[in-house]
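Okay, structure first, notes after.
The values are calculated or read from the model by the stated rules, or taken from the named source; none is laboratory data. A quick note: this is a predicted structure, and the numbers were derived from the prediction, not measured. Glycine also receives a Cβ, built like all others from the backbone with ideal geometry; neighbour counts cover every protein chain displayed.
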Amino acid sequence: MVGPLAARQLAGLGYGTVCPGYGAVEKVVSYGTDCPGYGTDCPGYGADCPGYGTDCPGYGADCPGYGTDCPGYGADCPGYSTVEKVTADKEKSNGAAVEAPVAEHHERGEWGSQCDFMLSCIGYAVGLGNVWRFPYLCYKNGGGAFLIPYVVMLLLAGLPLFCLELTIGQYASLGPNKLFQKLAPLFSGLGYGMLVISFLVVCYYNLIIAWTIFYTAASFTSQLGWSTCSNEYNTQNCFTVAEEQHCLNVSGNTEMFWNKTCYPISDYCENFKFTLFNETHCMNSTNSSIIKSYDDIGNRISSSEDYYTNYMLGLGDHDWSDFGGLKWDLTLCLLAAWLIVGLCLIKGVQSSGKVVYFTALFPYFVLFILLIRGATLDGALDGVKFYITPNVTRLGDAGVWADAATQIFYSLGPSFGGLITLASYNRFKNNCMRDAIVVAFTNCTTSVFAGFVVFSILGFMAKQLGKEVKDVIASGQGLAFIAYPEAVVHMPISPLWAILFFAMLITLGLDSQFTMTETLTTALFDEWPQLRSRKAAVVMGTSVIGFILGLSMTANGGILMFTLIDWYASSWSLLLLALIEVVLVAWLYGAEDLLEKMQTEMDIPIPRFLYYYWFVMWKFVTPLVLCLITIMTFVQYEPASYGSGPSKIVFPPWVNLLGWLMAATPIVIVIGVGIYVYHKKVRSGEVYSWMDLLRPTDEWCPASERSKIQMPTNGSMKDRSGAENPSFVPEK
């Protein structure tokens, strides 16, 4: 970094006292013959070299690149004044100067250390789905046998996409909105499509964090609010196992718990036009062949479900026609969630890179504690056996493989723009291939580990309720906010275990939210570089907008809006973006070209077997897998709905139409921006064929090279105003 300037100074080309920052303050000595690389010994910097002497178009009078408009070499340069101080007191004993660590992207910023990046990637990949979805998929798809398609899909689709995005992001040092403009101008809209999906997800994902904040705060009590049905907010359908058992015992099995009291089972049957058949079942009054358990004819729900649905969410009887008003407690929790995100990202990766040391590692600490606690509970072994017992016959079901591919894809998070953004802050020669492999397998290992934790607790819960493990299994919000809260009620010191669990969920959610929000702010900074000086204002402004747009989901019917966005925002359109991306890079740009750049420019050593692995995956296998997943997504499509059973809310057609429009928006942007770019370039005469827009531009290169390309080439060194900069005019 100091070499060109030092060589130019020694050659008498003008970087002496006229240059603020390279006189006595930065004494560069001994770059003579004793320094291999800057003297006559070196064919690159001395008189032998046509690149740095008077005949060099890059550093002489005809060099347009080092005036005040260059952020790299003046007193106004953060890269060569304070960041790269090479001073006399840092000289080695042999007279050579020692360079301080250099920030490669001093304008954009970069990770403080490699560990910052790794933990951020792990935090992004290891999210809520690892805890509340993967264990359920194992139960649903053959127990331990599900690990086979899970690992296979990791190798065929998840890992190749993960490595590809880290590589192109690190190579170009750009966010997705600018990266694809340089890689293939016709597909400039691909990056913007990713940003649209991230924006939609950011708006609703923070609501989950708000829920966990709500539950964490509610757990600081001697008696958990969902442990009983005697609260004012409980509905008549609320019941607990303890209250139910009490009614059965005192009545001789003739009464059940309903409407906050012991209620005759015969009367309960009649409420739903049934008659009492025996102590546990009711018979349909008009069709005697229909006999159901009294639990199945009504809408009775556990106290934990009543707390979640009717107290925390406040859903009640609200639907799309009666959305209700804002819930102030949820609104405050959402505000707190966005405040945390804004403060942690206020300095970009410099601040978030430090926060992840806690948010990425804390979940492992809690999972380990919960595993130890769960292993000591009665019934835990039954749950674990249920989790790991393989049912290999399920491997012949295409749906099992589709579930495995979908889980891997959404867990690792390609095509949201997040991986590209994280990698764009890396040093150019970081080994991102190694990072991709480590993070991907860490993600899978965490999922398996979390499964043992979840099923040990579900086994205990089933034992306490007198049910089979399969009858207490839940997925998604049902596991986090209904099944687990129900389980901790039966544990000693239940508030402690509730606090630990929900605090873990907060950190799991925050890591993913950090990356998606950082993706949006990075896009703004890359689009309008002048905003970088107002980074704090941009980050907090983004948080305010996210908070405002999320307010609708804190209303009584807000869970319906949440479900709609979750159902459509990152569905088939995300898969199509991933397919376009891998075809664009592997076929139009060339998988072999990317691998060559990894080896020759980024200095990433690629073993032969890995070279062929990446090549075959990127070119053939991964696109095929993405095609199959996309087709399965359309085949298995169902209109959006919320809940199940008698209380299920089916969304009206106009709401599902809104969802389809939401899902189609990223694809429309890709097509629309492509058409716009084509007509603009053809009209201006820059290109004559659309094929020209499928090739990389001159700016598809490392950031250090791009900064030179973007400088004026009129033969004079001028500042941004167009005025001659006397400090950088070479001496005659």
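State whether one or more residues within the range 687-694 are of a type in the set (F, W, Y) and closer than 29 Å to F562 by Cβ. No, the range 687-694 contains no residue that is of a type in the set (F, W, Y) and closer than 29 Å to F562 by Cβ. Applying a threshold of 9 Å to beta carbon distances and a minimum spacing of six or more residues, or different chains, the list of pairs starting in the range 151-166 at a residue that is in the same structural domain as N141 (by TED's automatic domain parsing) and ending at one that is part of a helix (DSSP H, G or I) and among the acidic types (D, E) reads L161/E581; C163/D435; L164/E581; E165/E581; L166/D435. Close Cβ contacts (under 8 Å, 6 or more residues apart or on different chains) running from residues in the range 679-694 that are closer than 27 Å to V582 by Cβ to residues that are assigned to a loop (DSSP other than H, G, I, E, B) comprise K681/V687; L693/A184; L693/V687; L694/A184.
Could you tell me whether the range 144-160 includes any residue that is closer than 23 Å to A663 by Cα and either of a type in the set (S, T, N, Q) or surrounded by fewer than 24 Cβ atoms within 10 Å (Cβ to Cβ) (or both)? No - not one qualifying residue is present in the range 144-160.
The sole residue among L505, L500, L479, L496 that is within 30 Å of D295 (Cα to Cα) and assigned by TED's automatic domain parsing to the domain that holds F323 is L479.
Does A145 meet the test of being among the aliphatic types (A, V, I, L, M), in a helix (DSSP H, G or I), in contact with a helix residue (DSSP H, G or I) (Cβ under 8 Å, 6 or more places away or on another chain) and modelled with pLDDT under 95? The answer is yes for A145. Listed conditions (1) more than 26 Å from A586 (Cα to Cα); (2) modelled with pLDDT of 90 or more are all met by N714, apart from (2).
Selection over the range 635-674 of residues that are part of a helix (DSSP H, G or I) and modelled with pLDDT under 95 gives a count of 4. Note on the range 345-369: among residues that are among the polar types (S, T, N, Q) and more than 18 Å from T212 (Cα to Cα), the one that is surrounded by the most Cβ atoms within 10 Å (Cβ to Cβ) is S352. The residue list Q530, Q464 contains one member that is surrounded by fewer than 21 Cβ atoms within 10 Å (Cβ to Cβ), under 30 Å from Q181 (Cα atoms), more than 23 Å from the chain's Cα centre (by Cα) and not small (G, A, S), which is Q530.
Take the conditions (1) farther than 16 Å from L584 by Cβ; (2) assigned to a helix (DSSP H, G or I); M617 misses just one of them, which is (1). Just one of the numbered conditions (1) under 29 Å from A405 (Cβ atoms); (2) without any contact (Cβ under 8 Å) to a residue 24 or more places away in the chain; (3) exposed (fewer than 12 other Cβ atoms within 10 Å of the Cβ) is not true of F634: (2). Taking helices (runs of 4 or more DSSP H) as the structural unit, those lying wholly within the range 188-306 and holding at least 3 residues that are over 20 Å from V472 (Cα atoms), at pLDDT 95 or above and aliphatic (A, V, I, L, M) correspond to 189-218.
Scanning the range 420-432 for residues that are surrounded by fewer than 21 Cβ atoms within 10 Å (Cβ to Cβ) and closer than 16 Å to W614 by Cβ returns a single hit, N431. Going by what's in this entry, would T542 be described as touching a strand residue (DSSP E or B) at 6+ places or on another chain (Cβ under 6 Å), of a type in the set (S, T, Y) and under 20 Å from L335 (Cα atoms)? Against the criterion (touching a strand residue (DSSP E or B) at 6+ places or on another chain (Cβ under 6 Å), of a type in the set (S, T, Y) and under 20 Å from L335 (Cα atoms)), T542 does not qualify.
Only one of the numbered conditions (1) of a type outside the set (K, R); (2) surrounded by 14 or more Cβ atoms within 10 Å (Cβ to Cβ); (3) in contact with a Phe, Trp or Tyr (Cβ under 9 Å, 6 or more places away or on another chain) is not met by V668, and that is (3). If you go through the range 400-430 and keep only what is small (G, A, S) and assigned to a loop (DSSP other than H, G, I, E, B), you end up with G413, S415, G417.
Just so you know, in the range 110-142 the residues that are outside any loop (DSSP other than H, G, I, E, B) and charged (D, E, K, R) include one that is farthest from the chain's Cα centre (by Cα), and it is K140. Checking the range 546-564 against the condition returns no match, with no residue being at pLDDT 95 or above and within 30 Å of K429 (Cβ to Cβ). E486 satisfies every condition listed in (1) more than 30 Å from F220 (Cα to Cα); (2) among the charged types (D, E, K, R); (3) touching a residue at least 40 places away in the same chain (Cβ under 8 Å) except (1). Given the structure, is V152 farther than 29 Å from L549 by Cα and either of a type outside the set (D, E, K, R) or out of contact with any strand residue (DSSP E or B) (no Cβ under 7 Å at 6 or more places or on another chain) (or both)? When the stated conditions are applied, V152 passes them.
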